[in-house]
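Reviewing the structure listed below.
The values are calculated or read from the model by the stated rules, or taken from the named source; none is laboratory data. Owing to the predicted nature of the structure, the values given are computational and were not obtained by experimental measurement. All Cβ positions, glycine included, derive from the backbone under ideal geometry; neighbour counts span all protein chains shown.
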Amino acid sequence: MNRREFVFRSLQASLLLSPVLSIRRAEAQQLPRMKVLFWVCCSGYPDAEAFFPTGDEFNWNLSPILQHLGGIKDQMIVIDNLNIRPTGPNPNGAEHARSVGKILTAKDLLPVSEGVDDEGDLGGISIETYVGRELNVRSICMMVEDRYRRELRSHPFATGPRQTIRPFFEPDEAWDNTFRDFIPPDSNPGLPEFEARMRRLRGKKSILDGMLGELSRFRRELVGIERLKLDVHEDAIRRTEEGIRRDLEEEPPRPRAECRVPDRVRSSSYVPERCQLQQDLLFASFACERVQSAGHMWGSSGYHWNYGWLPNFGVIDSIHNIVHHDPAERERYIRSSAWDWQQIGRFAERLRNTPDGSGNMLDNTLIVALSLFGRHHEINRIPAVVFGNAQGRLRTNRFVRAPFNTYHDKLLTSAAKMMGVNTNGFGDDMNCGPLEQLP
Amino acid sequence: MRTQHMKPNEKHISRTQIAARLALGAFAALTVTACTSKSVLQFDAPSGEEQIFAAPPAPGAVQLRVLSSREYKNSVKAILGVDVKPDLEFGARRNGFETSADGLLDQNLLSALIEEAPVVAENYIVTNLANEYPCLRDVPPGDQCVRDSVAAVGFKFFRRPLTEEEINDYHNYYNERRAIDDQHLATVQLFSRFLLSANFLYRSELGKLAAGESTTRLTQFEIASLIAFTLTATTPDTLLMNDAKSGKLSGDTIRGHVRRLLKTADGRNAVIRFMKGWLKLDNLDDMHRNPDRYAKLQSADQAWALKREFELFVKDVVLEGAGTLRAALTEPVTYVNRHTAQLYGVQNDGDSMTRVQLDGTRRGGIVTLASVMAAHASSTDVNRDRPVQRGTMILKQIMCGEVGIPSGLDVISAGNQAASRVPNYQDLTTREQFDVIMQQSESCVSCHQGFMPFGYVLGNFNALGAFVTDFRGRPINAAVTNVPMSRGRRNFDGPVAFVKELAEDERVHRCFTKQFAKFVTGADNGPYVDDLGRYFHAGFRRKKFNIRDLIEDFFSEEFLYQRKATAP
């Protein structure tokens, strides 16, 4: 091969094989850290039709209890046929203790220890604390109630067998734990680096523009084979310029959800206001990424509110009879449950309406909302709703029917796995696997 | 034209013929010389005619030569005083030397240089800018001082004065960047642009072709660059540039610079690099850089000592000693330390390299150095030399012969079949093994006979270059017979007799000048380097094959700096 052939073939090779140069980042844009909220309420439904939707998986209608969630329906997955495993002690019957003890641990209660409440002990770690421990992130347990109770039925949270966690009952306690000495971070930490990179790219482009001009001057002085060398050089410049031009089109990083530390306030004895204060704290904890895993107990099992804030509700003491004993009180039962689910729905909407990176906070937060009971004291077909798409892992706006007699530990396992925990089970069955119908 | 050395049957060439050939170009030169001598590139031995006088070759072609990575790094160091990252390696070696003119600045190389340029610029600005060009740090951009600094910086990078257009271009560029960025960043950009300029990255050998002319002379600054990059692998120094500015670079002035540069460390290293390329010693450097890949080595220190041995031999014999090709091929001297002494059967307990005078009975000269033999041998098995590799090295690199590649032959299977046919195949000496392999086909014999004798005669040197006389009890036979050399067919009983004959071989002399022509011009095999080799062989012979004289004569010849435009 003579010299001319060599240079010409090299030019051909470089034109064919030169990779399109791009200095665009190889890695995907970094997502905010995912958060998870396990929300547990203490009332179920008078009958299945009151809670579970009608229709099929993709064409479904909100039930009476879920009627207020129309604004967030597209971000929900309602799940039917989930049961709390009916095993282990059921102290005092009526499932009050057993459901609280198992709803977030999926473990049988332990027999009562001496000197402890006669409803038994929690059998293992609760899911929000488990996620926090496995991922080495902060977790928090809160409870909204009209007054603090020490019985088991008010404490679904634990770090291990017989190691109950006292949840934050007062908002100021939770604030101290989460925000004392906290300095909010820059809501757009990636922006300075992005701007510096764009500046470097523009600088490189300016250099390349000059290089082409110089090559033109060289080219005028050359003929024949040496021009082929400059062809290769010019091609290299143009391809590099093309890559830089594409990189300059990259969108700047979107800011994260703004972190605004709420004021430290004393609590309120008014339940709705107490609920709002605790949800405000949870929202700020997530927005500031102070907490990645949370548990929120909504009321205490068996100790129901009177829901006096609902217009013309007419209950003086508590709705206990309505929830557990009186079938004739169907409409009031639905109203009180609807109010509970409306609050978690509003929280989900608030997350959905808050920009966070390239999406919103609900994109980056998984809410697993459960009730201790199904119909009255039954622990099968418990209300279960998932809010959020878990950063694209879930297809929402569905009504999913799990196979008959599916245990809810599969849902807890799914939530843990979506958070990034490497596990195939949770609770008494560490091999229960995730809920296949969920994604 | 006549010389005192003219022989009776020698044809002389008139001035008219010389002028005509210059006008006609390379093909005319071939026509003239073909009439007066036999080709020395043929395999059979030449008739013995001696070509003492040859007409100057036709001009070479204009060309742009991309800096090699060594030249790039050295230039940056010389201009800015900062280092480029060590693993930035590039450069064509098509002609066997890293000075090949066929390098291309493709996208991969460009992207690497684009990444490195601002890093280098940043380092320079932080360390040296304030002392050298304070205007670029502290003065407003439109100031005349800034413009003068741009011109001064450009002069160093471009290796010539910038034109007004170029000064304006770079000055305006700096002003524009200052309007957008802070001064520091604008200065980084300015120096990055210089580092990426085609005027820096290419060595130009273009001259100034006037309209209607087909040949030209290189500019003074291009001559300075050609000398500097060849002999020091870096940008021309102040003395060269001063003479270039004064238009003094020709004839004896150039000779003075060459003589001066050959006394510098960079100049010595350039000669060492040439000799390494001449003998194709890529593996020698690779052994030093990557000793883990060579299981035969006893240690990484041994690889270093082998590399150092070669460098010190060249310095001793070529640069400071007799300096002749004959001495380089036969001088029985070497340098050892405790890692290589046992390869020569001598004692040495130190880490410093020590000169050793050999008795000359088993080896002598550059080819039989342990380093050269180790570079052309098995990388893993210390007992296995490589007669094909050594033989082709002698034929191609030292004699400028041609070797074809086996076509239609499955050489791997041939080796496997031979191994399976002979029960004690692994116990045979390397020569015996190759004899078994080649006996399988007449095609093998007919091609291999051209170079195998050169490999067999060096068979006493194992893969580390130690002299051994047997392999597993079987005597190593290094005797070869009926080997065609310039002075006729010869028999050699071992390497010493062979290298002495090499030293007298006219093919070797001519090939050496041709190889040097390739080293300087960056050209590959072809009419141009053939002509250069033939021309300088005459003077080389006249001066008793003195290599230093060859180098000086080469650069002092005016026609080296003539260029013609090539056809599309």
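Observations, loosely collected:
- B:His184 being more than 7 Å from chain A (Cβ to nearest Cβ) and more than 40 Å from the chain's Cα centre (by Cα): yes
- Residue match in segment A:240-248 (condition: under 29 Å from A:Pro32 (Cβ atoms), more than 12 Å from every other protein chain (Cβ to nearest Cβ), modelled with pLDDT of 90 or more and not in a helix (DSSP H, G or I)): no
- With respect to the conditions (1) farther than 30 Å from B:Glu166 by Cα; (2) in a helix (DSSP H, G or I); (3) modelled with pLDDT under 90, A:Gln276 lacks only one, and its number is (3).
- Scan segment B:115-153 for residues that are of a type outside the set (Asp, Glu), under 21 Å from B:Lys77 (Cα atoms) and touching a residue at least 40 places away in the same chain (Cβ under 8 Å) and the total you get is 14.
- Hey, B:Val119 under 30 Å from A:Gly243 (Cα atoms) and more than 12 Å from chain A (Cβ to nearest Cβ) or not: no
- Of residues in segment B:64-93 being assigned to a loop (DSSP other than H, G, I, E, B) and surrounded by 21 or more Cβ atoms within 10 Å (Cβ to Cβ), the one farthest from the other protein chains (Cβ to nearest Cβ): B:Val84
- Every condition in (1) more than 17 Å from A:Ala97 (Cα to Cα); (2) surrounded by fewer than 24 Cβ atoms within 10 Å (Cβ to Cβ) is met by A:Ile127 except one, and the failing one is (2).
- Some residue of segment B:432-442 being closer than 16 Å to B:Gln389 by Cβ, outside any helix (DSSP H, G or I) and not aromatic (Phe, Trp, Tyr): no
- Pairs, first at the interface with another protein chain (Cβ under 10 Å from one of its Cβ atoms) in segment B:205-217, second at pLDDT below 80 and part of a loop (DSSP other than H, G, I, E, B), C-beta under 8 Å, six or more apart: B:Leu206/A:Glu221; B:Leu206/A:Leu222; B:Leu209/A:Glu221; B:Leu209/B:Ala565
- Applying the criterion of being closer than 22 Å to A:Arg381 by Cα and polar (S, T, N, Q) to the residues of segment A:86-129, the residue that is modelled with the lowest pLDDT is A:Asn92.
- The single residue among B:Ala224, B:Ala265, B:Ala233, B:Ala270 that is more than 14 Å from chain A (Cβ to nearest Cβ), hydrophobic (A, V, I, L, M, F, W, C) and touching a Pro at 6+ places or on another chain (Cβ under 7 Å) turns out to be B:Ala224.
- Qualifying residue in segment A:379-399 (condition: assigned to a strand (DSSP E or B), of a type in the set (S, T, N, Q) and either over 21 Å from A:Gly295 (Cβ atoms) or at pLDDT 95 or above (or both)): no
- Residue within segment B:441-459 that is more than 24 Å from B:Arg489 (Cβ to Cβ) and of a type outside the set (Lys, Arg) present: yes
- Residues of segment B:165-205 satisfying the condition of being more than 14 Å from A:Glu214 (Cα to Cα) and of a type in the set (A, V, I, L, M, F, W, C): B:Ala179, B:Ile180, B:Leu185, B:Ala186, B:Val188, B:Leu190, B:Phe191
- Number of positions in segment A:177-226 that are part of a helix (DSSP H, G or I), in contact (Cβ under 8 Å) with a residue 60 or more places away in the chain and away from chain B (no Cβ under 12 Å): 3
- Residue within segment B:321-336 that is free of Cβ contacts under 8 Å to residues at least 24 places away in the same chain, closer than 28 Å to B:Ala300 by Cβ and part of a loop (DSSP other than H, G, I, E, B) present: no
- None of B:Asn108, B:Asn175 is over 24 Å from B:Arg65 (Cα atoms) and in a helix (DSSP H, G or I) except B:Asn175.
- Breaking point among (1) surrounded by 19 or more Cβ atoms within 10 Å (Cβ to Cβ); (2) closer than 22 Å to B:Pro475 by Cβ, for B:Thr340: (2)
- Subset of segment A:306-359 [in a helix (DSSP H, G or I), aromatic (Phe, Trp, Tyr) and more than 30 Å from A:Arg260 (Cα to Cα)]: A:Tyr333
- Pairs linking a residue in segment B:222-248 that is farther than 15 Å from B:Leu64 by Cα to a residue that is basic (Lys, Arg) and not in a loop (DSSP other than H, G, I, E, B), with Cβ atoms under 6 Å and 6 or more positions apart or on different chains, are B:Ala233/B:Arg70.
- Candidate set from segment A:249-295 (those that are of a type in the set (D, E, K, R) and closer than 15 Å to A:Ser187 by Cβ); member that is nearest to the other protein chains (Cβ to nearest Cβ): A:Arg254
- Some residue of segment A:262-274 being touching a Pro at 6+ places or on another chain (Cβ under 7 Å) and more than 30 Å from A:Gly213 (Cβ to Cβ): yes
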